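What follows draws every value from the coordinates through simple rules; no lab data is involved. Quantities reported herein were computed from a predicted structural model and do not represent experimental measurements. Ideal geometry is used to build each Cβ from the backbone, glycine not excepted, and the neighbour counts take in all protein chains shown.
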Amino acid sequence: MARPAVGPSEEHASTAASSSRDGTGWPSLADSVGSSSCQRCALAAIERSPSGAVEQPHRAAAVPHPQRERLVLRLGVRPAQLEHGMGAARAVRAPHRQHDGREAVHDLAGRRQVPPPQVPPHQCRQRVDPGSGRIALGRHQLLGEAGGHDHPTRVPPAVKVTSPNYRAVTGVTPSISMSSAANGSTRIRPRRSCLAVPGSSQKMIDKARGLPADQVFLDLEDACAPLAKPGARKTIVESLNEGGWGNKLRVVRVNDWTTMWTYRDVVEVVEGAGPNLDCIMLPKVQTAEQVHALDLLLTQIEKTMGFDVGRIGIEAQIENARGLVGVDAIAAASPRVETIIFGPADFMASLNMKSLIVGEQPPGYDVGDAYHYILMRILMAARANDLQAIDGPYLQIRDVDGFRRVAGRSAALGYDGKWVLHPGQIEACNELYSPRQEDYDHAELILDAYAYYTSDQGGKRGAAMLGDEMIDEASRKMATVIAAKGRAAGMTRTSKFEPPQD
């Protein structure tokens, strides 16, 4: 009989004795080595036997010397993942890597294998081809046979993007949402004002249909009491299917993944009203894996119900310190992600901030802006991944001047919109996140003038004068952003560029 393991591995003996058995009824090698929480103890068990045997309370499983050496090396990286079967060859990962970061793989016969290259998640996003103005296939599809996955693009690759298609021209992220219409065209819509509506209130939902908000999200989370959530799901499905929403973006905010309601929220709402839903808003996102989980669930529902796979987007809400630290990975987690949203109230609580007034500076913070870093961090992650950035709510709903002051900060940074909690905030919000009329007119003049001066007729000049102002390629990029925001907001220009007369 093999003697029990002693020394450093004594603390794991009971675990090994009670672990799973292989086909012979004996504990597997993985039970005493791979599943051990202490690598040093597992390594000590191997080193005690010259033959490389791992001593167990019930049986000694001998491992040949070459495999023993690799196993010892392997334990220097992380616990082994070997399984001891009836002569079956199991893969053993070697501790070294390829030059491109891929782990080399050896089987027990010593044959060396290298897995196919993996496409990073952030490279899955679709791109617009500058030459054709079409949505290009993601890299994951182009490299499908080389190991990429087959995640669907949000817009069919043959769909032509309607004007203003300035991402194709400048590479600048638009402050608009591109979504596929039923007739195969592409609509371009702003998200300046995002109206929050309790999903349990039919009266408020009916009123929201006629309000001039760019987006309405029906809330199943904070604005919906726990006992009202099941009924609110049915109310939301019926309201979405009834229609009457015009050009508004229709969004539902579900509960976060740490609750008991999330999966039922998604399943019932998407199965019941998927064709009439634009996005699912996921609150309190802390990791990219939470976005992956929602993406997978949406894909399964779409395939089961026969919906267009990938059409429903995801809005990710950052509401605590962990979410902000991981915001880059969250923004790149799925091609479904359309917006990154700042949730100030929960964020203030997560930081133990000494304030009960959401949106205003905390008492005692009399220099600068306490939220500037948070806002910029979210904005940078959004723009790096071609997403929109949305500011959170201002809870003093009757203080419109205060709303203007706070919203003006994120609008000045380049945010695309802000939550509104009351109809009285909508007009101010639409105004603040749209360009001023004079700025819109000036941007359109710069675009026209630059197009003229860089043409043959204008002398093929890279820099030229527009009145007292010099314009060049950088001027064109800035003007494109302002012009696109104005066009998406439905603004009409009041001036026209006139080429100089020689």
Subject >> Where labels lie 7 Å past Cα in the beta-carbon direction, separation of residue 413 and residue 457 in nm >> reply: 4.3
**OP:** Could you work out the local net charge near residue 297, counting Lys and Arg as +1, Asp and Glu as -1, over the other residues with Cβ closer than 13 Å to its Cβ?
**Re:** -3
Original post:
To one decimal place, what Kirkwood hydrodynamic radius in Å is obtained for segment 388-470 from all pairs of distinct Cα atoms?
Top reply: 15.1
Original post:
If each of residue 421 and residue 370 carries a label point 7 Å out from its Cα toward its Cβ, how far apart are those two points in nm?
Top reply: 1.6
**OP:** Return the FRET efficiency for the residue pair residue 309, residue 227: r is the Cβ-Cβ distance, R0 is 35 Å, and the value is rounded to the nearest 0.05.
**Re:** 0.55
Original post:
Just for segment 304-445, what percent of DSSP beta bridges are antiparallel, to the closest 5?
Top reply: 0
Original post:
Where the centroid of each part is defined by its Cα atoms, how far is segment 303-365 from segment 437-502 in Å?
Top reply: 36
Original post:
Based on the Cβ-Cβ distance from residue 322 to residue 496, what FRET efficiency comes out when R0 is 45 Å, to the nearest 0.05?
Top reply: 0.30
Original post:
Among 248/303; 207/284; 234/284; 207/418; 248/418, which pairs are too far apart, with a Cα-Cα distance over 18 Å?
Top reply: 248/303; 207/284; 234/284; 207/418
**OP:** Under 13 Å from a label point 7 Å along Cα→Cβ of residue 469: give me every residue in segment 406-443 with its amide N that close.
**Re:** 436-443
